[in-house]
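Remarks on the structure that follows.
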Amino acid sequence: MKMHLSITVAWFVSALLSLSKVTQQFSEGSTSSVEPTSIYSQFEQGGYEVLQYGNFKEFLDHKLNISQVLASFLVKDYTDCAFKCLDNIGCLSFNFATKPAIGTDQHSCHLLASDRFNHSTHLSLCENSPCQNGGSCRPLYQNKSFVCNCLGNYFGPLCKKVWHKINTDPVCFGTRDEDFGSFEADKTGNIHKIKLVHISGSVNCISDQVTSTKWSCDLHLNELNIHITDQNNIPLFPGRSAINLNPHSFFYQLSGFDANSPEIVFDSIPTPLAVTAGQKFRIWYGEDLRNVTEQDNIGKSCADVYVVYQIE
Ligand SMILES: [Ca+2]
Ligand SMILES: [Ca+2]
């Protein structure tokens, strides 16, 4: 008696990446509690790079009795049959003979238009909608994981964390004569990230500027000069270490940000900052805080303040 494997694959085509004229096609596998086997092929088609994926679940010693055979082949091995299925858009499963056909060293491969699950469910790394708060999920078949593309102020691996805006009116700060901006915590908690989102205006540490900046100075385009302090002007973000690097004028570098970044984020906070509702904070231009060469400064910038409370 001839023994068969019934190999089931359910798949569909999704995900178009229009950037750089790259198209990706994914096929997704059938439902199973068993770790499926992944297979993919990559080729050029009409100037596009095409990537096809299938997740296969084997049922040993079993032939799926489906009358609609899409195509039949003699193939070298199981993998060849899987690729034939991948290449056939109607193929949802296949029967593969475990022993070679009589008189040959090749195996029978039948592509099928259905599967043992009636393709009513599909196994996808994104099937259970792991991304929260409206985030979209993109499967990464090669390492059996996924990434979430989060909406709005949500972030984190599952879009569960949220940037929380704590100011109502824009917080504006000048560059000289103690012209700091003020905001206050809207609830009690531990802040472990804070970001400033630029709304309007510009600041500079020289009056004859060539380039206006949101957070710094014409002469320091790769640096920032913004400091968040408490009411006693004790620097909190980026904190003491940045100031110690440049005790003269309080310019500092922040990885990933520069003088004209749309927003700046302080997230390397060694200890979360415990705050109480109503506690007041200040945003300073560094030269104004330090009282050094501030009389030639010009401008004013306005920002929104977002934080992540640790309880979220
Ligand atoms: Ca100055
Ligand atoms: Ca000052």
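The values are calculated or read from the model by the stated rules, or taken from the named source; none is laboratory data. None of the values given here were measured: they were computed from a predicted structure. Methodologically, a virtual Cβ is constructed for each residue, glycine included, from the backbone with ideal geometry; neighbour enumeration extends over all protein chains shown.
Based on what the data block shows, is Asn95 at pLDDT below 80, in a strand (DSSP E or B) and buried (at least 18 other Cβ atoms within 10 Å of the Cβ)? Full working, then the answer.
Details: at pLDDT below 80: no; in a strand (DSSP E or B): yes; buried (at least 18 other Cβ atoms within 10 Å of the Cβ): yes.
So Asn95 does not fit the description; no.
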Quiz item: When only residues in region 243-298 that are among the small types (Gly, Ala, Ser) and within 24 Å of Gln231 (Cβ to Cβ) count, which is farthest from the chain's Cα centre (by Cα)?
Solution: Ser249
Quiz item: Restricted to region 230-242, and to residues that are at pLDDT below 95 and not in a helix (DSSP H, G or I), which residue is surrounded by the fewest Cβ atoms within 10 Å (Cβ to Cβ)?
Solution: Ile234
Self-check item: Of residues in region 265-300 being away from ligand 2 (no atom under 16 Å from the Cβ) and either among the hydroxyl-bearing types (Ser, Thr, Tyr) or free of Cβ contacts under 8 Å to residues at least 40 places away in the same chain (or both), the one farthest from Ser241 (Cα to Cα)
Solution: Thr276
Practice problem: Residues being more than 16 Å from ligand 1 (Cβ to nearest atom), in contact with a Lys or Arg (Cβ under 6 Å, 6 or more places away or on another chain) and not in a strand (DSSP E or B): count how many of those fall in region 262-310. | Solution: 2
Self-check item: Options Ile226, Ile206, Ile166, Ile191: the member that is within 15 Å of ligand 1 (Cβ to nearest atom), crowded, with 17+ Cβ neighbours inside 10 Å, touching a residue at least 24 places away in the same chain (Cβ under 8 Å) and among the β-branched types (Val, Ile, Thr)
Solution: Ile226
Quiz item: Residue check: is Gly174 farther than 23 Å from Tyr309 by Cβ, crowded, with 19+ Cβ neighbours inside 10 Å and not polar (S, T, N, Q)?
Solution: yes
